[in-house]
Amino acid sequence: MSGKTTVLVTGGAGYIGSHAVLALKDAGHGVVVIDNLVTGFAWAVPDDVPLVRGDIADQPLVEATLRDHGVGAIMHFAGSVVVPESVENPLKYYHNNSAKTRDLIESAVRVGVPHFIFSSTAATYGIPDESPVKETTPQRPINPYGMSKLMTEFMLRDVAAAHPMNFCALRYFNVAGADPQGRTGQSTAGATHLIKVAVEAALGKRSHVGVFGTDFDTPDGTGVRDYIHVSDLADAHVLALDALMAEPDRNYMLNCGYGRGFSVLEVLDAVDRVTNRKIDRRMEGRRPGDPDALISDNRAIMDAFPWQPRHADLDQIVTHALAWERKLNEIRGE
Ligand SMILES: NC(=O)c1ccc[n+]([C@@H]2O[C@H](COP(=O)([O-])OP(=O)(O)OC[C@H]3O[C@@H](n4cnc5c(N)ncnc54)[C@H](O)[C@@H]3O)[C@@H](O)[C@H]2O)c1
């Protein structure tokens with residue numbers, strides 16, 4: 001039987017972490033957030049959730065937080081997330097994503113936290129040999145971001161074998177949308193996610209949207225990706241927590257996507273449809289390392305928990321992203 005616990009959410013002031021905080025609260029779990037606010041926002045953390053402002057590698061602070069709040073699980077979202085930046089500055093990524101995560105895991109082991117849930121990524125697959133991508137598809141990252149995340153998967157596997165901790169690594173595909181109740185959303189300035197960029201353009205915050213590559217091996221020549229609504233992803237984390245608590249000897253490494261893809265042009269058409277206007281599209285060259293299509297095989301997560309997505313609809317994802325973008329104008333007084 002699964003019960004309730006208190007979860008330390010690292011990066012809980014960021015995009016995905018702030019949705020996980022809401023999902024945990026909605027499910028009746030206790031929550032405490034640690035975030036150094038390097039890209040997150042204090043206002044994204046609900047008033048009744050304690051926010052510890054600090055770094056995941058500050059072991060005295062982390063260990064005191066784990067003890068003081070009686071933390072029973074960690075959901076680890078904190079990290080650096082910009083793929084091209086990781087190519088220019090790999091040591092930043094190996095430091096913030098790999099080395100600091102090592103210190104966080106050490107704190108968890110010292111205090112005896114029994115469950116750990118980790119934000120991994122489809123970028124660990126690199127350019128996969130097969131589509132849809134299964135969990136057993138070889139992981140060959142093609143950039144330091146993906147490698148820094150794969151290193152954490154390896155650490156967790158080894159630590160779970162040596163210490164009384166089980167873990168779940170969730171490999172996210174393309175995360176998009178916002179809380180349907182408008183409580184949080186993607187707020188980072190200069191974000192590069194297609195749907196975020198497109199709704200910014202639809203609201204006049206950008207002049208156009210660049211379409212990077214029109215000669216991919218896809219039906220319309222533009223890249224195809226598996227877009228997953230951030231609230232469905234947050235729900236998957238809560239289910240992962242329940243599963244880890246129910247079976248303490250079992251670990252999970254699971255893809256998080258809907259098992260279907262949309263091309264860049266299909267996404268832009270959806271934004272035009274939802275906003276009833278036409279965004280200016282500029283055809284540009286491919287970016288290095290972009291696969292033709294990246295689609296998850298999601299049967300494992302469907303079987304394991306089982307996970308029931310509630311927002312697997314492109315127009316709904318765009319509608320929620322747009323509503324949040326409008327709200328962000330109010331929050332920022334634009
Ligand atoms: N957005 C996506 O499409 C996507 C896809 C796959 C995986 N992920 C992973 O999901 C996680 C969350 O991503 P996001 O899009 O919400 O990014 P985000 O930048 O909005 O959130 C990251 C949060 O972590 C905090 N943070 C960073 N380094 C920290 C540190 N050393 N100590 C304390 N806090 C720190 C930031 O202030 C921020 O609030 C990341 O680990 C990312 O790699 C994201």
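Quick note: the coordinates plus some simple rules give every number you see, no bench work behind them. This is a predicted model, so every value here is computed, not measured. No Cβ is skipped: glycine too gets one built from the backbone with ideal geometry, and neighbour counts run over all protein chains shown.
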Checklist outcome for this item: One finds the C-alpha centres of the range 277-331 and the range 81-105 to be spaced, in Å, by 24 Å
Checklist outcome for this item: Listed with the fewest Cβ neighbours within 10 Å leading, 5, 275 appear as 275, 5
Checklist entry - By the gyration tensor of its Cα atoms, with a ≥ b ≥ c the square roots of the eigenvalues, what is the shape of the range 1-44: rounded for a/c under 1.5, prolate for a/b over b/c, or oblate? => result prolate
Checklist outcome for this item: Once normalised by the length of the range 247-334, the mean sequence separation of its alpha carbon contacts under 8 Å that are 6 or more apart gives a contact order in percent of 42 percent
Item to check | As computed over the chain, the Cα convex hull volume per residue (Å³) | outcome: 124 Å³
Next on the checklist: Largest first, please: the extent of the C-alpha atoms of the range 61-170 along each principal axis, to the nearest Å.
Outcome noted: 44, 29, 19
Checklist entry - Among bridges DSSP assigns within the range 175-305, what percent are antiparallel (round to 5)? => result 20 percent
Next on the checklist: Taking the beta-carbon count within 10 Å as an exposure proxy, list 302, 75 from fewest neighbours to most.
Outcome noted: 302, 75
Item to check | the chain, dipole about Cα centre (Lys/Arg Cβ +1, Asp/Glu Cβ -1), debye to the nearest 20 | outcome: 420 debye
Checklist entry - Given N residues in the range 187-334, what is Rg(Cα) / (2.2 N^0.38 Å)? => result 1.18
Item to check | Prolate/oblate/rounded call for the range 3-130, Cα gyration tensor, a/c under 1.5 rounded | outcome: prolate
Checklist entry - What's the exposure ranking of 307, 43, 324, going from fewest to most Cβ atoms within 10 Å? => result 43, 307, 324
Next on the checklist: For the range 111-159, report the % of Cα-Cα distances exceeding 17 Å.
Outcome noted: 40 percent
Next on the checklist: From Cα pairs below 8 angstrom and at least 6 apart in sequence, can you work out the relative contact order of the chain, rounded to a whole percent?
Outcome noted: 19 percent
